[in-house]
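Let me begin by presenting the structure, written as structure tokens, before commenting on it.
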Amino acid sequence: MTQLERVHPGVLFLFYITIIGITMFMMNPIILILSLLGALTYYRCLTNRKRWYSDLCYYCFLFILVTITNPLFVHNGVTILFFMNDQPITLEAIQYGATIGCMIVA
């Protein structure tokens, strides 16, 4: 019997709900990066190496997709990088997209 099997299911449920809640409702990039690293490490412990790398490629694609598409629809921000079809692409929109992408992947 492993150490994890001796823990009450209610305690595990509370732990996962707390971690998911912190990840979903915090916009601090440091906390999100730590949550993402913790999730990737835990997932690596549960799966084999080939599957982990395959899924990691999918998660990187999802992160990049969210980061790129957010500035196409959100034009809020002060620092204009360039214009695309007469719409400003701002640095703040890209940063917010990266934050949302990290939150989704974590």
Under a 1.4 Å probe, counting only protein heavy atoms, L40 has an accessible area in Å², nearest 10, of 40 Å²
Quick one: what are the phi-derived ³J(HN,Hα) couplings along region 25-31, Karplus 6.51/-1.76/1.60 with θ = phi - 60°, whole Hz, x for glycine and proline? 10, 9, 10, 6, x, 5, 5
Accessible surface of the chain, 1.4 Å probe, proportion on carbon and sulfur as whole %: 72 percent
Which value in deg cm²/dmol, rounded to the nearest 500, describes the helix-derived mean residue ellipticity at 222 nm for the chain, given -39,500 (n - 2.57) per DSSP H run of n ≥ 4 and division by the residue count? -24000 deg cm²/dmol
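Beyond 23 Å, what percent of the Cα pairs of the chain remain?
Numbers: 2403 of 5565 pairs.
Value for the chain (Cα pairs over 23 Å): 43 percent.
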From Cα pairs below 8 angstrom and at least 6 apart in sequence, can you work out the relative contact order of the chain, rounded to a whole percent? 29 percent
Which ³J(HN,Hα) values in Hz, rounded to whole numbers, follow from the phi angles of region 93-104 under the Karplus curve 6.51 cos²θ - 1.76 cosθ + 1.60, where θ = phi - 60° and Gly and Pro get x? 5, 5, 5, 5, x, 5, 5, 5, x, 5, 5, 5
Give me, ordered by chain and number, the residues 5 or more places off L81 or on other chains with an amide H under 5 Å from its own placed amide H. I89, T90, L91
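The values are calculated or read from the model by the stated rules, or taken from the named source; none is laboratory data. Remember, it's a predicted structure, so these values are computed and weren't measured experimentally. Surface areas here come from the heavy atoms of the whole protein model, side chains and all, with no ligands, DNA or RNA. Shrake-Rupley method; radii C 1.70, N 1.55, O 1.52, S 1.80 Å.
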